[in-house]
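Remarks on the structure that follows.
The values are calculated or read from the model by the stated rules, or taken from the named source; none is laboratory data. What you see is a predicted model; the values in this text were computed from it and never measured. Cβ sites come from the backbone with ideal geometry, for glycine too, and all protein chains shown count toward neighbours.
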Amino acid sequence: MAAQKQKSKAVIGLMSLVAVFFVVLVIFSVYTVKVFKNVDGNGDGFNLSSKGSDSIGVIEVNGVIFDSKDLVELIHKAEEDKTVKAIVMRVNSPGGAVAPTQEVYDEIRRIDDSYTKSEGKEGKPIYASFSSVAASGGYYLGAATRRICALPGTITGSIGVIMQFMDLSKLYEFAKLNPQTIKAGKYKDVGQPNRALTEEEYKLMTTMTAGVHKQFIRDIEKTRKDKIKGNIEDHAQGQVFSGEDAFNLGLVDELSGLWSCARNIHKELKLKGELNLNYIKKKKKFNFLDMVGDLEEASTYVKEMVKNSNTPLMMYK
């Protein structure tokens, strides 16, 4: 009987240790995700200085741009905050979908244009600070601002448009599959994986892509036509540049990091008090669902690292 009680205590003790280990693991996982989310050291309300009422709002653009809603809401939040005297778009993005990027571009231009036309009485000046990558749609957003700051090693540019289709017809044939498509409209099944594009369809898609490319170039010229050296067409063939090369081509205005860029803005606008960076973020109440979401995000982050392990990146190593 005594042996049985001792065995039960041992089992309970072991289960308690497992429970404690699980809690520690959960806390560590959530903390890890928070760190990855704030890789620049930017927590909610993080300030370089709490002195003075004037601040520079910082809006982070991280990862692929698939939707405009969150970014536009943050921009509006910074626009309405009377303590925010200028906005910096902190871009670390390889690009994204065309339409959402254009929507964010339009809001940036609206606010910055209002500031210029009203001589500072309305709107707010908006700047860009490029982090590791500001390519394609990431550069597009930077081009919407009045000044772009980048590090000498920032991957910059990739001014182009890409559209991809997958022809799996040979694979279907090998697997003895015969997909059937019913359509109304000559081009309704363009890009379906069960067949290749026809020559006519290829020309149609190429023409559309070229048109979107012209939109990209046109929007860049709205703010940078007099700054870019040489022909913009030559720099907009999808190639990437280092921040230093982009600066020499007039695609970037200043070689500096976020803090140097912000100090120059603070001095230029003659803001009150010491330098004060206000990271504009959505406030979220922590709950169990948030914790589960963070754990899922941590898992996804690891999967993406493994999946992209063969992707070449410019690194200090």
Notebook entry, point to check: Can you name the condition, by its number, that THR198 falls short on among (1) hydroxyl-bearing (Ser, Thr, Tyr); (2) farther than 27 Å from GLU254 by Cβ; (3) assigned by TED's automatic domain parsing to the domain that holds ARG109?
Noted result: (3)
Check: When you look at ASP70, is it within 18 Å of the chain's Cα centre (by Cα), closer than 24 Å to THR156 by Cα and among the acidic types (Asp, Glu), yes or no?
Finding: yes
Notebook entry, point to check: What number of residues within the stretch 233-276 satisfy the criterion of being closer than 18 Å to VAL88 by Cβ, touching a helix residue (DSSP H, G or I) at 6+ places or on another chain (Cβ under 6 Å) and not β-branched (Val, Ile, Thr)?
Noted result: 2
Note to self: Can you say whether PHE216 is among the aromatic types (Phe, Trp, Tyr) and surrounded by 12 or more Cβ atoms within 10 Å (Cβ to Cβ), as far as the supplied structure shows?
What the structure shows: yes
Check: LEU177 is checked against (1) surrounded by 18 or more Cβ atoms within 10 Å (Cβ to Cβ); (2) over 24 Å from GLU268 (Cβ atoms); (3) of a type outside the set (Phe, Trp, Tyr) and fails just one. What number does that condition carry?
Finding: (1)
Margin query: Taking the conditions exactly as written (without any contact (Cβ under 8 Å) to a residue 60 or more places away in the chain and surrounded by 16 or more Cβ atoms within 10 Å (Cβ to Cβ)), does ILE228 satisfy them or not?
Written below: yes
Checklist line | the stretch 247-271, residues that are of a type in the set (D, E, K, R), in contact (Cβ under 8 Å) with a residue 12 or more places away in the chain and assigned to a helix (DSSP H, G or I) | finding: ARG263
Checklist line | All positions within the stretch 62-84 that are outside any helix (DSSP H, G or I), surrounded by fewer than 23 Cβ atoms within 10 Å (Cβ to Cβ) and not aromatic (Phe, Trp, Tyr) | finding: ASN62, GLY63, VAL64, ASP67, SER68, ASP81, LYS82, THR83, VAL84
Item checked: Residue under evaluation ALA196, criteria (1) surrounded by 17 or more Cβ atoms within 10 Å (Cβ to Cβ); (2) farther than 22 Å from VAL133 by Cβ; (3) out of contact with any strand residue (DSSP E or B) (no Cβ under 7 Å at 6 or more places or on another chain), criterion not met -> (1)
Next item on the list: At least 1 residues that are free of Cβ contacts under 8 Å to residues at least 60 places away in the same chain in each: list the strands (runs of 3 or more DSSP E) lying fully within the stretch 97-160 that qualify.
Entry: 126-135
Checklist line | Residue check, ASP167 in a loop (DSSP other than H, G, I, E, B), over 22 Å from PHE241 (Cα atoms), out of contact with any Asp or Glu (no Cβ under 6 Å at 6 or more places or on another chain) and of a type in the set (D, E, K, R) | finding: yes
Check: Among SER169, SER131, which is the only one that is assigned by TED's automatic domain parsing to the domain that holds ALA246 and among the polar types (S, T, N, Q)?
Finding: SER131
